[in-house]
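Data first, discussion second: the structure below is written as structure tokens.
The values are calculated or read from the model by the stated rules, or taken from the named source; none is laboratory data. Predicted model only: the values in this text are computed from it and were never measured. Because the Cβ atoms are built from the backbone with ideal geometry, glycine has one as well, and the counts that use them run over all protein chains shown.
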Amino acid sequence: MKIDGSAIRPGMVLEYNGKLVLVTTIKIGTPGNLRSFNQVEMKDVKTGTKTNYRFSSDEKVERVQLDQKSYQYLYPEGDMLVFMDNENYEQIHMNKELVGEPIKFLQENMTVMIESYEGEPLSVALPETVVMEIVDTEPVVKGQTAASSYKPATLTNGVRVMVPPFIESGTRVVVNTINASYVERAKN
């Protein structure tokens with residue numbers, strides 16, 4: 001399926017110069033009064049080689065249709081992660097690099113979506129949000145409101161997030177796995 005250069009997003013798999021590439025990052029540029037463009041960093045799926053390319057908004061590129069299937073994360077094994085197919089209970093091993101930055105939120109028994117092309121797994125998508133516990137943050141100050149001030153807090157996985165001032169250590173919070181940001185206090 002052909003898409004415009006302006007529609008490219010991180011995580012998409014494209015066919016570019018006869019190769020299958022995974023889009024890792026995008027920067028949108030608008031130099032002065034010229035047309036905007038997407039500066040795209042892509043990683044070759046087979047070799048792992050990274051390249052940068054500048055796509056104009058009207059340039060067409062082929063987006064590859066991927067098969068998506070639900071898997072359950074089991075455990076790490078060296079540089080690999082072990083997942084189990086929820087339908088037939090077969091286990092697959094995938095490189096940690098395919099998860100990317102959100103790997104710090106991967107938890108045992110978590111259901112993830114694995115995208116594959118012609119039977120070869122290419123990427124792992126975690127749920128958009130996860131519930132984590134705050135292990136360390138500054139104490140609550142009486143009279144402080146939840147206006148627009150935030151304070152740093154450390155989660156059980158070691159990730160630091162900014163939380164409202166009323167959040168205490170031991171509180172369970174919902175965190176966005178894509179940008180590691182606080183969403184809300186978890187409901188019991």
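General observations
- Residues that are charged (D, E, K, R) and at pLDDT 90 or above, drawn from the range 65-103: K69, E77, D79, D85, E87, E90
- Taken over the range 67-126, the criterion of being in contact with a helix residue (DSSP H, G or I) (Cβ under 9 Å, 6 or more places away or on another chain) and more than 21 Å from G158 (Cβ to Cβ) is satisfied by M80, I114, P121, L122, S123, A125.
- The residue of the range 118-144 that is modelled with the highest pLDDT, among those that are under 17 Å from E184 (Cβ atoms) and of a type in the set (S, T, Y), is T129.
- Whichever residue in the range 150-171 is closer than 18 Å to L126 by Cβ and touching a residue at least 24 places away in the same chain (Cβ under 8 Å) and, among such residues, is surrounded by the most Cβ atoms within 10 Å (Cβ to Cβ): N157
- Meets criteria (more than 18 Å from G11 (Cβ to Cβ), aromatic (F, W, Y) and not assigned by TED's automatic domain parsing to the domain that holds K50) for F83: no
Yes/no per residue for (1) small (G, A, S); (2) within 22 Å of the chain's Cα centre (by Cα); (3) farther than 11 Å from V130 by Cα:
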site: Y150; (1), (2), (3): no, no, yes
site: T154; (1), (2), (3): no, yes, yes
site: N157; (1), (2), (3): no, yes, yes
site: V161; (1), (2), (3): no, yes, yes
site: E168; (1), (2), (3): no, no, yes
site: R172; (1), (2), (3): no, yes, no
site: N176; (1), (2), (3): no, yes, no
site: N179; (1), (2), (3): no, yes, yes
site: A186; (1), (2), (3): yes, yes, no
